[in-house]
Amino acid sequence: MSDSLRLDNQDRLIVALLERNARSSFVAIGAEVGLSAPAVKRRVDRLVASGVITGFHAALDARALGHDVEAFVELHCSGRTSAAEIARIVSRHPEVLEAYTVTGDANALLRIRTTDTAHLERTLENLRSEPAVLQTKSSVALSRLISPAG
């Protein structure tokens, strides 16, 4: 790791505070970490430039947006379908929020969010209509036990 990427305790605390609330002001963060607002801004700029911070995001309430169904879907593909091809396939389906290559029988694990079960069914049918996709295996999430940071 180069010197520009070394994180000290203040950097780690700044990152943790931004994970909790990306809209925190540099003044508020500085008060918590013992730095001036300009010093916090310089550190955040360095963290962004070095790739430690890759973006700032809004946390959304999917249900408030009418997306009530979340499912985890194992995607099984034919032959030696590459990860790049799987990425191209799933990127054509806006309901796919995340996709991971995984160990085990499936080629990928997808996190899908839809408005209702009929929309989920259409999404699964659309995925299965892709030439490289052999089958899907779905698990619908009933409730979230632990939320991601943010």
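The values are calculated or read from the model by the stated rules, or taken from the named source; none is laboratory data. The shown structure was predicted, so the numbers you read here are calculated from the model rather than taken from an experiment. Here Cβ is always computed from backbone atoms with ideal geometry, including for glycine, and neighbour counts include all displayed protein chains. With ligands, DNA and RNA removed, areas are computed over all heavy atoms of the protein, side chains included. Shrake-Rupley method; radii C 1.70, N 1.55, O 1.52, S 1.80 Å.
Scalar couplings 3J(HN,Hα) for the range 129-140, obtained by applying the Karplus form with A = 6.51, B = -1.76, C = 1.60 to θ = phi - 60°, are 7, 5, x, 7, 8, 8, 6, 10, 9, 10, 10, 8 Hz; x denotes Gly and Pro. Here the chain exposes an accessible surface that is 53 percent carbon and sulfur, computed with a 1.4 Å probe and the other protein chains kept in place. One Cα centroid belongs to the range 47-93, the other to the range 112-136; the line between them spans 15 Å.
Evaluate E = 1/(1 + (r/R0)^6) for residue 128 and residue 63, where r is the Cβ-Cβ distance and R0 equals 30 Å; express this FRET efficiency to the nearest 0.05.
For R0 = 30 Å, the calculated efficiency reads 0.65.
Under the combined filter of DSSP loop state and at most 14 neighbouring Cβ atoms within 10 Å, the range 52-150 retains these trypsin sites (Lys or Arg not before Pro): 63, 80, 92, 144.
Which whole-number percent is the relative contact order of the range 78-150 (Cα, under 8 Å, 6+ apart)?
In percent, rounded to a whole number, it is 25.
When the Cα gyration tensor is reduced to axis lengths a ≥ b ≥ c, the ratio a/c is 1.5 or higher for the chain, and with a/b above b/c it is classed as prolate. A simple charge model with +1 on the Cβ of Lys and Arg, -1 on the Cβ of Asp and Glu and nothing else charged puts the dipole of the chain at about 400 debye relative to its Cα centre. Measuring nothing but how far apart in sequence close Cα pairs (under 8 Å, 6+ apart) lie, relative to its length, the chain scores a relative contact order of 25 percent.
Remark: the residue 56-residue 84 segment gains 7.5 nm on full extension, using 0.36 nm per residue and subtracting the alpha carbon distance.
How large is the accessible surface per residue of the range 41-100, computed with a 1.4 Å probe and reported in Å² as a whole number? Show your work: numbers first, answer last.
Numbers: 3850 Å² over 60 residues.
On a per-residue basis, the range 41-100 sits at 64 Å².
Along its principal axes, the range 17-79 has C-alpha extents of 54, 35, 14 angstrom, given from the largest down.
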